[in-house]
Amino acid sequence: MEARDLVEFSDRCDEFDAVGCSVIACSTDSEYAHYNWRQQLERTNRGEAVIHLPVVSDRTRRISRAFGVLNEHEGQAVRAMLIIDPMQQIRVKIIGDTGMSRSVDETLMLVQALTI
């Protein structure tokens, strides 16, 4: 996800929680890269935390490979959003180009539709 997407999803985590959905970000970057990235975002936001959701480091590529979003040639995960149900089944998988934003509203509607 793009940084602005993470901030927007983070700002609305309560709405996802209300429908029993957890939002988790995952990247093939290291936990150190994530830490530096968070620090940079906080500096641009006057020292306030802007990401209130877990960001998982997938340095081994196991998670990306397991969910079919790893570009083996580049060794990086593609930009993807997955909605996984409580039975650990992928219900929605959206893959997009770098720079393509994800809509929080549309994602929330998808989650709500799947929980009806």
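FYI, it's all coordinate maths here, none of it is from the lab. All values derive from a computational prediction rather than experimental measurement. So basically every Cβ, Gly included, is an ideal-geometry build from the backbone, and we count neighbours across all protein chains shown.
For ARG38, project a label point 7 Å along Cα to C-beta. Then give me every residue of the range 1-16 with its amide nitrogen under 18 Å of that point. Hits in the range 1-16 for ARG38 at 18 Å: 1-14.
Checking the a/c ratio against 1.5 first, then a/b against b/c, what shape does the Cα gyration tensor give for the range 1-40? Note, shape of the range 1-40 comes out prolate. Our estimate of slack between ASP11 and VAL78, defined as 0.36 nm per intervening residue step minus the Cα-Cα distance, is 21.8 nm. Rounded to two decimals, the Cα-based Rg/Rh of the range 58-111, with Kirkwood Rh, is 0.99.
Extension gain, PHE67 to SER101: 0.36 nm times the residue separation minus the Cα-Cα distance gives 10.2 nm. Along the Cα-to-C-beta direction of ALA113, a point sits 7 Å from the Cα; which residues of the range 56-92 have their amide N less than 18 Å from that point? The answer is 81-86, 90-92, whose backbone nitrogens lie closer than 18 Å to the label point.
Shape call for the chain from the C-alpha gyration tensor, a ≥ b ≥ c root eigenvalues: rounded (a/c under 1.5), prolate (a/b greater than b/c) or oblate? The shape class here is oblate. DSSP beta bridges confined to the chain are antiparallel in about 75 percent of cases.
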